[in-house]
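Undergrad: Structure provided below as structure tokens; questions to follow.
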């Protein structure tokens, strides 16, 4: 009796791919339908776009911040989502727009009594009354202070490429007590603000600067309670990344705020523009000194002097020494 031939294994025709393709198509249609029914939020699109630009370093942080409370128009705290888009509904696109963003937030939330915004040729400074962040003699950052910072973080993060440095300075008032303790307190307060901003991936770590000033940089006399309250503060200063070094105001801004050489607004500039008559080390004195001693692109100093130095006048050659020895013999 003849044996039956074994059945050939069925070939894989790949029919499952058709089912898989149908499923993917249906899913795509479903998500397109969801998108068409949703409200398009330009601010969220900006945040997502920025997150992709920064390799996703802070996308989760932005999402987490959306669930935190923010301040209401009276300076209190509400459970609403923070206004990550600023007063005009958009994140700033440049360093100049960052200043306007800060101003609008402070005005919209009636915080001008406790937060001041200053704009200079190359810097922006936020000055916070210490009551915003800390209780008396404490360096523990209050929840209210964290929420205020959280409303600034998306804007700072979005244009961080336009920021050269971000300096956080702690200041205290001179109340006649131990100045060493005041210096330590100002350092701890500046670091508390720094740690919170760093935990939120606000800006690249290399751009942070911390200063402990203690009572050494007052903005008001310490002989009144009001003056002492003004001196107890935290400042966050942003230095612009793209600087026009041909602009005297920009140079003065850098010397004043980045190098701490003092503002020339206190210098009485002589009519003959002789910088040597100014206090040595002041901003205008340094600018004048640099201009008078600058070296041009050709390598020749701008001051009058010998353009060529004959080195033979200072170096005696070996041959000359031999000739002198022969003459002596």
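Undergrad: Hey, rough spin-label estimate for residue 293 and residue 220, points 7 angstrom out along Cα→Cβ, what's it come to in nanometres?
TA: Taking the two extended label points, one gets 4.0 nm.
Undergrad: Any idea how far the Cα center of segment 243-257 sits from the one of segment 145-162, in Å?
TA: 25 Å
Undergrad: Test of understanding: ordering 285, 16 by Cβ neighbours within 10 Å, fewest first, what list do you get?
TA: Numbers: 285 20, 16 9.
Ordered by Cβ neighbours within 10 Å, fewest first: 16, 285.
Undergrad: Just to be sure I understand the model, the point goes 7 Å from the Cα along the line to the Cβ. What's the resulting residue 274 to residue 209 distance in nm?
TA: 3.3 nm
Undergrad: Next question, about the same structure. Find how much the distance from residue 242 to residue 17 grows on full extension, using 0.36 nm per residue of separation minus their present alpha carbon separation; answer in nm with one decimal.
TA: Numbers: separation 225, 0.36 × 225 = 81.00 nm, distance 5.46 nm.
Residue separation times 0.36 nm, minus the Cα-Cα distance, leaves 75.5 nm.
Undergrad: Still on this structure: Determine, for 193, 286, 250, the number of other Cβ atoms within 10 Å of each Cβ, and report the residues in order from fewest to most.
TA: 250, 286, 193
Undergrad: Separate question: What distance in nm separates the two pseudo spin-label positions at residue 34 and residue 258, each 7 Å out from Cα along the beta-carbon direction?
TA: My value for the distance between the label points is 4.7 nm.
Undergrad: Taking a spot 7 Å from the Cα of residue 180 along the direction of its beta carbon, which residues of segment 213-235 have an amide N less than 20 Å from it?
TA: Correct set: 213-217.
Undergrad: Here's another thing I want to ask about it. Taking neighbour Cβ counts within 10 Å as the exposure measure, how do 162, 199 sort from fewest upward?
TA: Details: 162 17, 199 10.
Ascending Cβ contact count within 10 Å gives the list 199, 162.
Undergrad: Next up: With r as the distance between the Cβ atoms of residue 118 and residue 93 and R0 = 22 Å, compute the FRET efficiency 1/(1 + (r/R0)^6) and round to 0.05. If you can, show how the numbers build up before the last one.
TA: Details: r = 21 Å, r/R0 = 0.95.
Once rounded, the FRET efficiency stands at 0.55.
Just so you know, all these numbers are worked out from the coordinates, no wet-lab data involved. Here the structure is a predicted model, which means the values were calculated and not measured. Note that we place each Cβ from the backbone using ideal geometry, even for glycine, and neighbour counts take in every protein chain shown.
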